[in-house]
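S.K.: Here you go, one structure.
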Amino acid sequence: MDNETGNWRIGLTKELFLPHDAQAILSIPLSIRKPPDRMVWAFTPKGQFTVNSAYKVALSPSQASTSPLGSTSNNQQTSVFWKTLWRLKVPSKFRSFAWRACKNVLPTKSNLHSRKVLDDPTCEACGNSVETIGHALWACDKAQEVWRASGILVHSHGGSRQTSAIILQLAVNMLDEYRLANHRFTMPNVATHTTWAPPHNPWYKVNVDGAVFQQLDAVGIGVVARNHTGHCLAAMSKKLWVPLGPLEAKAKAMEEGIDFAWDIGLRDVVFETDSEVLYKSLTGSITPPATIQNIVSSCILRLQDFRAVQLTHV
C-alpha cells in the first residue's frame, strides 16, 4: 500500500503475488483515513468468526478452495466448474443429472453390479462393453448414433431399449419444454421513476454512485453537488483501477463524495445513495458488511466535521 495516497500499489502487488491472490488483495477497498489493520474472517458477512461458519468451510471443498489461506489450482478449477454447472439456465433435472453423472452415482449396470444388484455389468444396448457412465453417455454405439444425429445429450428413462430416432424425439420434446418454461413476456414500462428532490434552503445535496467495470478490473466513481434550486455547483468523476464489487464501489464513492463536499466548502449537506445496505450501515441500522466496515467508519468520522448532515436513500 502507498502510505501517501492510501491506495494499493497495483504494479507491485501484481508482481509479488500470484494472479488470483493479487486479485483478492486488490478487491479489498482501502479507506482514505488509513485505519489500523484488523483480522477479518472471510466466510461471514460481518467478518467475525463463528464455529458454524468454520464447520461449513470444513465440509465444503468449494469454500475451502477459495480460502485466503491458500489453495491449489485444481481445487479452484473444480470450484469454478461446480458453480458454473449449478448456474446453468436449464431445467433443474438437467443440472441434477449432470451432477449425478460427474459424481458417478447414476444407476448404470456397472454401479449396480458393484453393489451386488446385478450379475452382469455388460451394456444391453451394444453388448460390447461394461456399462459405465462414460460408456453410456459417450462410447456406446447407441450414444454415438444420437450424437451424430443431434448433438443433444439425453439419458434413458429405463425400460425397453429405444431407437436413436425415439431418443432424438425425446430430446426435442425436452428442449421445447425448456423453452416454454423459460419464456418471458415483455411487459410495458410503467412510469414509476423516482425523481430527484432538491434539499431545503440553505442545504446542499450531494449524490454519489459507483459503477463496476469487470472486464477492466476497475470501478468508476461519480459525485454531483446541487443546491436547493437544483443548480449543479460541482461534479467529480474518478476511475479506480481496483476490482471492487458493487457495494464496495458505492461505499468508496460515498467516502470520496464526503471529502469532495468538504473541499468545495459545503457544510450543511444531504448525502444521497441508492445503496440501501450502505445507507443502513451509515445510519447504524445494521452492522456494516466486513468489506466496507473501514470505509463506513471513515465516513462517519468525517461527517462529524460538518455543521449539519442528513443521509438519504433512493
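The values are calculated or read from the model by the stated rules, or taken from the named source; none is laboratory data. All values reported here derive from a predicted model rather than from experimental measurement. Neighbour counts are summed over all protein chains in view; Cβ atoms, including those assigned to glycine, are modelled from backbone coordinates with ideal geometry.
S.K.: With the requirement that a residue be within 15 Å of residue 243 (Cα to Cα) and loosely packed, with under 13 Cβ neighbours inside 10 Å, what does segment 10-26 give you? Break it down into steps so the answer makes sense when it comes.
M.R.: Initially, segment 10-26 is screened for residues within 15 Å of residue 243 (Cα to Cα), giving 10-11, 13-14, 19-26.
Residues satisfying the conditions are 11, 19, 20.
S.K.: Sort out which residues of segment 290-301 are in contact (Cβ under 8 Å) with a residue 24 or more places away in the chain and surrounded by fewer than 19 Cβ atoms within 10 Å (Cβ to Cβ), and write them in order of number. Give the derivation first.
M.R.: Taking segment 290-301 and keeping what is in contact (Cβ under 8 Å) with a residue 24 or more places away in the chain, we get 290-299, 301.
Selection gives 290, 297, 301.
S.K.: So which of 222, 257 is crowded, with 19+ Cβ neighbours inside 10 Å and either within 30 Å of residue 28 (Cα to Cα) or modelled with pLDDT under 90 (or both)? Even if it seems obvious, please write down each step before you answer.
M.R.: Details: 222 fails: crowded, with 19+ Cβ neighbours inside 10 Å.
Being crowded, with 19+ Cβ neighbours inside 10 Å and either within 30 Å of residue 28 (Cα to Cα) or modelled with pLDDT under 90 (or both) holds for just one of 222, 257, which is 257.
S.K.: Keeping to segment 99-111, report how many residues are crowded, with 16+ Cβ neighbours inside 10 Å and of a type in the set (A, V, I, L, M, F, W, C). Full working, then the answer.
M.R.: Step one: list which residues in segment 99-111 are crowded, with 16+ Cβ neighbours inside 10 Å, which gives 101, 106, 108-111.
Filter once more, keeping what is of a type in the set (A, V, I, L, M, F, W, C): 101, 106.
Summing the residues that are crowded, with 16+ Cβ neighbours inside 10 Å and of a type in the set (A, V, I, L, M, F, W, C) in segment 99-111 gives 2.
S.K.: Kindly list the number of the only condition in (1) under 19 Å from residue 33 (Cβ atoms); (2) touching a residue at least 40 places away in the same chain (Cβ under 8 Å); (3) out of contact with any Phe, Trp or Tyr (no Cβ under 8 Å at 6 or more places or on another chain) that fails for residue 241.
M.R.: (1)
S.K.: Restricting to segment 265-314, and then to whatever is in a loop (DSSP other than H, G, I, E, B) and touching a Pro at 6+ places or on another chain (Cβ under 9 Å), can you tell me which residue is nearest to residue 44 (Cα to Cα)? Outline the logic, then answer.
M.R.: Here is the first cut: in segment 265-314, the residues in a loop (DSSP other than H, G, I, E, B) are 265-267, 274-275, 284-289, 304-307, 314.
Now drop any that are not touching a Pro at 6+ places or on another chain (Cβ under 9 Å), which leaves 275, 287, 289.
On the way: 275: 20, 287: 12, 289: 9 Å.
Per the criteria, the residue is 289.
S.K.: Restrict the check to segment 264-285 and report whether at least one residue is over 13 Å from residue 208 (Cβ atoms), under 28 Å from the mean Cα position of the chain (by Cα) and among the aliphatic types (A, V, I, L, M).
M.R.: So far as segment 264-285 goes, yes, one or more of its residues are over 13 Å from residue 208 (Cβ atoms), under 28 Å from the mean Cα position of the chain (by Cα) and among the aliphatic types (A, V, I, L, M).
S.K.: OK, next. Being surrounded by fewer than 20 Cβ atoms within 10 Å (Cβ to Cβ) and out of contact with any helix residue (DSSP H, G or I) (no Cβ under 9 Å at 6 or more places or on another chain) is the filter here, so list the residues in segment 271-289 that pass it.
M.R.: Scanning segment 271-289 gives 276, 280, 283.
S.K.: Step by step: first the residues of segment 103-142, then only those that are in contact (Cβ under 8 Å) with a residue 12 or more places away in the chain and of a type in the set (Val, Ile, Thr), then the one that is nearest to residue 81 (Cα to Cα). Which residue is that?
M.R.: 133
S.K.: If you don't mind, there's one more thing I want to ask. For residue 248, state whether it is modelled with pLDDT of 90 or more, under 30 Å from the mean Cα position of the chain (by Cα) and over 19 Å from residue 30 (Cβ atoms). Outline the logic, then answer.
M.R.: Details: modelled with pLDDT of 90 or more: yes; under 30 Å from the mean Cα position of the chain (by Cα): yes; over 19 Å from residue 30 (Cβ atoms): no.
Answer is no for this residue.
S.K.: Can you name every residue in segment 220-249 that is of a type in the set (S, T, N, Q) and assigned to a loop (DSSP other than H, G, I, E, B)? Working first, answer last.
M.R.: Step one: filter segment 220-249 for residues of a type in the set (S, T, N, Q), giving 227, 229, 237.
Listed by number, the residues that qualify are 227, 229.
S.K.: Out of curiosity, is residue 238 touching a helix residue (DSSP H, G or I) at 6+ places or on another chain (Cβ under 9 Å) and not hydroxyl-bearing (Ser, Thr, Tyr)? Give the derivation first.
M.R.: Numbers: touching a helix residue (DSSP H, G or I) at 6+ places or on another chain (Cβ under 9 Å): yes; not hydroxyl-bearing (Ser, Thr, Tyr): yes.
The answer is yes for residue 238.
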